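One structure is given below, encoded as structure tokens.
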Amino acid sequence: MVCCAATVTSVAALAGPFVLALALWIAGAVLAWGWAGMLALPAPKGTAVILYAGSLALVLSPLLEQRPGLTWVAGALALALIAAFVHQLLRVDGRPRIVESISSVALGLGVMTCGVLLIPLSGTTQGAALVVATVAGAAASAVSDVLGRWQRMRPWLVPLALLVGGGTAALVGLGLGEPWTIFLLAGVVAGGVSHALRSVNGALPTMAHPRPRLVMAVCSLLVTGPVAYAVALALLPGFSLA
């Protein structure tokens, strides 16, 4: 599932910011569809509505500028968080586990915001290539997770995720004619972050069901957004989001 999501994200990034925004909204819809079930939250319908609307606002906010940027993302996130608090005020079930509910919705919106950081990158050739390399590194780390079925390999899953994530991203950089050393760094970090999220969520009892597993697969790609964004700002020669 991670590899399929990475393929869709990569093609969308190469097509441009608007197509990538559509792909990310689909990812946000998947997150909203299964987030409450994955974390066993109260008031699942209201939680899903907040996450649906919040993900739509977040992916549209970079497109409000002449050149896709992040000026309006903070405002969209703030409005979504306000809506999450209003939702708690409107609950009529006695508001059990209110802190857990609010914090979980905020976490879901934060994961979606991480993915939105990829949209401005797809506006340039180098940035789009970096997005492809980053999500490819995350997908490669998901493939290496399969080795966790063998007890002896489990202590080696983290270094393997770093190795295959970096190697895959470097190969993508070479294939696209970009600086592979920079892409190597993005792949190593993306592979590690993606593996960490799957490791944490994999222990949840709800992972016995397909919907939470799909949500986890999508989230393990979305969380790599800050990795690509930071690498682009710091290391890509001549790259600027201003």
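Under 8 Å for C-alpha pairs, at least 6 residues apart: give me the relative contact order for region 125-242, rounded to a whole percent. It would help to have the intermediate numbers written out before the result.
Working: 179 pairs, mean separation 34.6, N = 118.
29 percent.
Using the C-alpha atoms of the chain, what convex hull volume per residue, in cubic angstrom, is computed? Before the final figure, lay out each step's value.
Numbers: hull volume 26.9 nm³, N = 242.
Value for the chain: 111 Å³ per residue.
Considering the chain as a Gaussian network with a 10 Å cut-off on Cα pairs, which listed residue, Thr134, Thr124, Thr224, attains the greatest mean-square fluctuation?
Thr124
Fewest first, what order do Ser61, Ser199 take by the number of other Cβ atoms within 10 Å?
Values: Ser61 24, Ser199 15.
Final ranking by Cβ density, sparse to dense: Ser199, Ser61.
May I ask you to sort His209, His87 by Cβ crowding, counting other Cβ atoms within 10 Å and putting the fewest first?
Values: His209 12, His87 17.
The most exposed by this proxy come first: His209, His87.
Any idea what the relative contact order of region 2-235 is, in percent, if you count C-alpha pairs under 8 Å spaced at least 6 apart?
Values: 396 pairs, mean separation 58.7, N = 234.
Relative contact order for region 2-235 comes out at 25 percent.
With springs connecting C-alpha atoms under 10 Å apart, model the chain as a Gaussian network and identify which of Arg91, Arg213, Arg198 has the largest mean-square fluctuation.
It is Arg91.
Using just the C-alpha positions of region 35-136 as equal point scatterers, what log10 of I(q)/I(0) does the Debye formula give at each q in 0.17, 0.20 1/Å?
Cα-only, vacuum Debye calculation for region 35-136: -0.77, -0.94.
Taking θ as phi - 60°, what are the ³J(HN,Hα) couplings along region 77-82 by the Karplus curve (6.51, -1.76, 1.60), each to the nearest whole Hz, with x for Gly and Pro?
5, 4, 5, 5, 5, 4
To make sure I understand, if each residue's beta carbon is the centre and we count other beta carbons within 10 Å, what order do Ile119, Ile26, Ile82 fall in, fewest to most? Before the final figure, lay out the partial values.
Numbers: Ile119 31, Ile26 17, Ile82 10.
Going from sparsest to densest Cβ surroundings: Ile82, Ile26, Ile119.
With labels modelled as points extended 7 Å from the Cα through the Cβ direction, what inter-label distance (nm, one decimal) is found for Leu147 paired with Glu100?
In this crude label model, Leu147 to Glu100 measures out at 3.6 nm.
Taking the alpha-carbon set of region 125-242, what are its Rg and Dmax in Å?
Considering region 125-242 through its Cα atoms, Rg and Dmax are 14.7, 48 Å.
Can you give me the pair-distance distribution of region 1-65, C-alpha pairs, 10 Å bins, whole percents?
22, 43, 29, 6
Only Cα pairs within less than 10 Å get springs; with that Gaussian network setup on the chain, which residue of Gln66, Gln126, Gln88 has the largest fluctuation?
Highest fluctuation of the listed residues: Gln66.
Each value in this text was obtained by applying a stated rule to the coordinates, not by laboratory testing. This structure is a prediction, so every number in the text was calculated from the model and none was measured. Note that we place each Cβ from the backbone using ideal geometry, even for glycine, and neighbour counts take in every protein chain shown.
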